[in-house]
Amino acid sequence: MTAHESERASDPPPPPPLPARFYESPPVILGGMLLWAVGAGVAAAFAMVIGSGFDPANGAGAWFWTCIAGVGVGLFGAAVFSAQRAAARRGDRSAQRGVEPR
């Protein structure tokens with residue numbers, strides 16, 4: 001037995017597959033959008049409490065608009081993902097593979 005073969009024999013087994021909730025895209029996209037929306041609410045409340053308003057030049061306003069941008073990016077991602085899933089269901093040649101629900 002060579003050193004290379006003995007090395008292969010001691011390799012650990014492959015990890016078990018992830019549960020579906022960790023790799024299915026819709027819950028991840030919606031969960032991220034929810035977190036950004038909660039962040040926007042917290043930033044808005046903080047901006048109101050300290051009285052600084054929503055001016056992007058100050059800290060609270062910048063956080064608020066960053067969170068709103070995060071929600072917008074999530075909406076864009078959800079739209080792209082929905083379009084890809086619909087194209088895969090139709091059987092379009094240009095559609096991504098592997099986005100169909102399991």
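The values are calculated or read from the model by the stated rules, or taken from the named source; none is laboratory data. Every value quoted in this text rests on a predicted model; they were computed, and no experiment measured them. We place every Cβ from the backbone using ideal geometry, glycine too, and count neighbours over all the protein chains shown. Keep in mind that these areas ignore ligands, DNA and RNA; they rest on the heavy atoms of the full protein, side chains included. Shrake-Rupley method; radii C 1.70, N 1.55, O 1.52, S 1.80 Å.
Can you tell me how many residues within region 12-35 are over 11 Å from the mean Cα position of the chain (by Cα) and either modelled with pLDDT under 85 or part of a helix (DSSP H, G or I) (or both)?
Final tally of qualifying residues: 5.
Within the set of pairs 6 or more residues apart or between chains, which connect a residue that is within 30 Å of ASP55 (Cβ to Cβ) inside region 68-96 to a residue that is open to solvent by 70 Å² or more (accessible area, probe 1.4 Å) and part of a helix (DSSP H, G or I) with Cβ atoms less than 6 Å apart?
Listed pairs, sorted by first residue: GLY70/TRP36; VAL71/TRP36.
Checking ALA87 against (1) within 19 Å of the chain's Cα centre (by Cα); (2) open to solvent by less than 40 Å² (accessible area, probe 1.4 Å), which test does it fail?
ALA87 satisfies every listed condition except (1).
Considering each residue of region 47-62, count those that are more than 20 Å from TRP36 (Cα to Cα) and surrounded by 14 or more Cβ atoms within 10 Å (Cβ to Cβ), and give that number.
1
Pairs needed: first member in region 35-50, under 10 Å from PHE64 (Cβ atoms); second member anywhere, outside any helix (DSSP H, G or I) and at pLDDT below 95; C-beta distance under 9 Å; at least 6 residues apart or different chains.
Qualifying pairs under 9 Å: ALA43/PHE54; ALA44/PHE54; PHE46/SER52; ALA47/GLY53; ALA47/PHE54; ALA47/ASP55; ALA47/ASN58.
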